[in-house]
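Just below is one structure, and these are the notes that go with it.
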Amino acid sequence: MKSIMKHICLLIFMCLMCIDVYGQGFDLTIRQEARGTAQGEWDVTLENASPCVILNAYLDCTGFQSRRDIDPKVILKQGDACIVNDGQRINPSESLRFVYAWEDRFPFKLLNQSVACS
């Protein structure tokens with residue numbers, strides 16, 4: 001009986017650990033704010049705040065425009081989607097930044113991504 005209880009307790013503990021790790025958000029965090037140096041310029045930070053690797057991340061870029069060139073390795077517009085980091089991995093706590101120039105703030109939204117946890 002003691003052995004069964006130990007196994008049950010161990011199983012419960014392992015499940016709680018999984019909830020703690022896997023209960024976190026796995027989405028790419030998108031933050032943007034007006035750039036203080038010029039009107040109509042926006043700083044965008046894409047951050048992987050999850051404990052897992054994110055890859056093949058795409059943003060909804062329907063209607064997105066910029067008067068300023070953006071490094072295509074950070075985001076590349078392909079039709080109505082923007083591929084992030086050339087589809088490559090974004091490690092936990094890694095951030096990517098870019099600046100775009102347009103009168104209004106663009107409402108970037110995550111369209112799709114893959115998550116790899118080890």
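Just so it is clear, none of the values below were taken in a lab; they were calculated from the coordinates. Nothing here was measured: the structure is a model prediction, and the numbers come from that model. Virtual Cβ from ideal backbone geometry, glycine too; neighbours counted across all protein chains shown.
The table below gives the values:
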item: FRET efficiency, GLU94 to GLN39 (Cβ-Cβ, R0 35 Å, nearest 0.05); result: 0.70
item: Approximate spin-label separation GLN65-LYS109, in nm, with each point projected 7 Å along Cα-to-Cβ; result: 2.1
item: Globularity ratio of the range 26-116, using Cα Rg and 2.2 N^0.38 Å; result: 1.03
